[in-house]
1. Would you mention how many residues in the range 16-27 are open to solvent by 60 Å² or more (accessible area, probe 1.4 Å) and within 18 Å of Val58 (Cβ to Cβ)?
2. If I ask for residues that are open to solvent by 30 Å² or more (accessible area, probe 1.4 Å) and part of a loop (DSSP other than H, G, I, E, B), which ones from the range 28-46 would you list?
3. Are any residues in the range 1-12 surrounded by 11 or more Cβ atoms within 10 Å (Cβ to Cβ) and either at pLDDT 85 or above or not in a helix (DSSP H, G or I) (or both), and if so, which ones?
4. If you take the residues in the range 13-27 that are over 22 Å from Gly48 (Cβ atoms) and more than 8 Å from the chain's Cα centre (by Cα), which one is modelled with the highest pLDDT?
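The values are calculated or read from the model by the stated rules, or taken from the named source; none is laboratory data. Keep in mind that what you see is a predicted model, and the values were worked out from it rather than measured. As a convention, Cβ positions derive from the backbone with ideal geometry for all residues, glycine included, and neighbour counts pool all protein chains shown. Just so you know, the surface numbers come from the protein's heavy atoms only, side chains and all, with ligands and any DNA or RNA stripped out. Shrake-Rupley method; radii C 1.70, N 1.55, O 1.52, S 1.80 Å.
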Amino acid sequence: MLQVEVEDLKALPDFLTIQQFAQLHGVTSRTIERWLSERRIDSLKVCGSIRIPKVEYVRLMSTGYRTRSL
């Protein structure tokens with residue numbers, strides 16, 4: 001499993017855009033949109049924009065989804 005320093009996680013915003021989340025995981029925005037539609041990851045709608053909680057990044061890392069180091 002990829003180990004991420006606590007300080008690196010603290011540097012991330014609490015809620016990420018689709019583009020930010022895709023960049024962290026080393027995949028395209030379209031992949032993240034598909035994961036959202038398949039309900040693989042949770043999200044919130046904030047002022048009409050989709051935001052993904054930082055905890056989803058940690059959860060996916062622990063389940064082995066492809067990720068890129070911070």
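1. Of the range 16-27, the ones open to solvent by 60 Å² or more (accessible area, probe 1.4 Å) are 19-20, 23.
Among the residues that remain, those that are also within 18 Å of Val58 (Cβ to Cβ) are: 20, 23.
Within the range 16-27, residues that are open to solvent by 60 Å² or more (accessible area, probe 1.4 Å) and within 18 Å of Val58 (Cβ to Cβ) number 2.
2. Across the range 28-46, the qualifying residues are Thr28, Glu38, Arg39, Arg40, Asp42, Ser43.
3. Of everything in the range 1-12, those that are surrounded by 11 or more Cβ atoms within 10 Å (Cβ to Cβ) and either at pLDDT 85 or above or not in a helix (DSSP H, G or I) (or both) turn out to be Leu2, Val4, Leu12.
4. Val27
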